[in-house]
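Asks: Handing you a structure now.
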Amino acid sequence: MSQMRKDVFTGRWVIVAETDAVQPTDFRFKPFRRDTAFCPFCETNEASTPPEVFAIRRPGSMANGPGWSVRVVPNSRPHLRIEGELGRRGEGFHDLMNGIGAHEIIAETPRHDRSLHELTPEEISDVIRAYVARIADLERDERMRYVLIFKNHGEGAGAHTIFHSISQLMALPVTPRSIKTKLMMARDYYAQKERCLYCDVLAEELNKRRRLVAENSDFAAFAPFASRFPFELCVLPKSHNSAFSRTSDSERGSLAHILRDILQKLDSTLGRLPYSLSLQDRPFVRPRKGYWRTIEADFHWHLEILPQVFRVTGFEWASGFFYNPVPPEIAAQCLAPRSAS
Ligand SMILES: [Zn+2]
Ligand SMILES: [Zn+2]
């Protein structure tokens, strides 16, 4: 079983794999393999994955057979496993726990030749329904504190061997540090102003419109003021809501439309550039010591889309600073020219 180890210098948790499961040769640099002939996520190959934990299927179709539009399966080589106890413990002055969690693959389409932005809004809505259903199910597991949903699109964004359009889900027994930082910033702002930071930023972006890339009745997409990467985008729901799983049916439909719109804009402007997408949701609310009570009011879920125009370098890794050669105002103008909007 993998372990979760806490770095005493930064407070960061690291998932460390089983030590006897690797060989040094596993990590020698190999050129990317192009797409393999066999893909376990294509329709009719269902027997090659672990049994599905969720699927949206045509009436009459059988579980683990063809006839689905979205299918969720456990990762066959998970970073974290669902079975067992957390076993929080100390080792000297280090903290660690067992690598307990869930690691699932969400096949967004049965077709190998379709990317997320090439699906219909209805098909993207089904992907969003699958996200919501899995979060709701994993919230019942008291050991879990956070569900991270993310997607690596294209070579260079982590999708090296299988090019089927998938998202990944990781249920974690701790809240990721980057999310914690956002939660604390939002809490501090709320403590001062009794307003949601994200609602205020959204009002500013909708008012100024210099960084706005897309908008519909329920969502706005904009290039954040301090974007770390060229063409970085944030998608915010217009109605205040801390929890993604509480979006309404009509909001999920609107989200599918705006997501398709901005991914198509990125594709048509930048070509088939790799990108990472992640859901920035609140942790599961499990009242305990030190847990703040304003999280419903002070946090506002959102999506983050990070196109990978260049690799993160030693400067960013070492300093935590980012150098962004494309001002977000220019990025927004490239993606959504204002003369045409
Ligand atoms: Zn496939
Ligand atoms: Zn808000």
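The values are calculated or read from the model by the stated rules, or taken from the named source; none is laboratory data. Everything quoted here is computed from the prediction, not taken from an experiment. Glycine also receives a Cβ, built like all others from the backbone with ideal geometry; neighbour counts cover every protein chain displayed. Quick note on the areas: whole protein, heavy atoms, side chains included, nothing else; ligands and nucleic acids left out. Shrake-Rupley method; radii C 1.70, N 1.55, O 1.52, S 1.80 Å.
Asks: What's the magnitude of the charge dipole for segment 210-341 around its Cα centre, counting Lys and Arg as +1 and Asp and Glu as -1 at the beta-carbon? Answer in Debye, nearest 20.
Replies: Approximately 300 debye in magnitude.
Asks: By accessible area of protein heavy atoms, probe 1.4 Å, what ranking do M1, M185, M62, M144 get, highest first?
Replies: Sorted descending by solvent-accessible area, the residues read M62, M185, M1, M144.
Asks: A further question on this structure: Take the chain, connect every pair of alpha-carbon atoms lying under 10 Å apart with a spring to form a Gaussian network, then pick out the residue of G84, G101, G314 with the largest mean-square fluctuation.
Replies: G314
Asks: Return the aspartates and glutamates within reach of K151: Cα separation strictly under 14 angstrom, same-chain partners fewer than 8 residues apart disregarded; answer none if there are no such residues.
Replies: The qualifying aspartates and glutamates are E104, E108, E304.
Asks: In segment 123-221, what trypsin sites (Lys or Arg not before Pro) fall in a loop by DSSP, with at most 12 other Cβ atoms inside 10 Å?
Replies: R140
Asks: Give the long-range amide H neighbours of V70: residues separated by 5 or more places, or on another chain, with amide H under 5 Å away, using H modelled in the peptide plane at 1.01 Å from N.
Replies: I56
Asks: In segment 38-81, which chymotrypsin sites (Phe, Trp or Tyr not before Pro) are in a loop and have at most 13 other Cβ atoms within 10 Å, using DSSP for the loop call?
Replies: F38
Asks: Here is a follow-up. Would you rank V132, V201 by solvent-accessible area, highest first, keeping every protein chain in place and using a 1.4 Å probe? Let's see the in-between values first.
Replies: Values: V132 15, V201 55 Å².
Ranked list, largest accessible area first: V201, V132.
Asks: Positive end of the dipole of the chain, charges at C-beta (+1 Lys, Arg; -1 Asp, Glu), about the Cα centre: which of P328, I258, G11 has its Cα farthest in that direction?
Replies: Comparing the listed Cα positions along the dipole, G11 ranks first.
Asks: What does the net charge come to around L197 if you take all other residues with beta carbon closer than 12 Å to its beta carbon, with K and R at +1 and D and E at -1?
Replies: On the way: positive: K182, R187, K193, R195; negative: D188, E194, D200, E204, D298.
That sum, taken over residues with Cβ under 12 Å, equals -1.
Asks: Now for a different question. Calculate what fraction, in whole %, of the accessible area of the chain sits on carbon and sulfur atoms when a 1.4 Å probe is rolled over the protein chains.
Replies: Ligands and nucleic acids excluded, carbon and sulfur reach 55 percent.
Asks: Okay, next question. Can you list the trypsin sites (Lys or Arg not before Pro) in segment 258-315 that are in a DSSP coil and have 11 or fewer other beta carbons within 10 angstrom?
Replies: R272, R288, K289, R293, R311
Asks: Please report the accessible area of T313 (heavy atoms, 1.4 Å probe, ligands and nucleic acids excluded) in Å², nearest 10.
Replies: 70
Asks: Can you work out D for segment 254-327 in µm² s⁻¹ from Stokes-Einstein, where Rh is the Kirkwood radius over C-alpha pairs, the temperature is 4 °C and the viscosity is 1.567 mPa s?
Replies: Once the numbers are plugged in, D ends up at 82 µm²/s.
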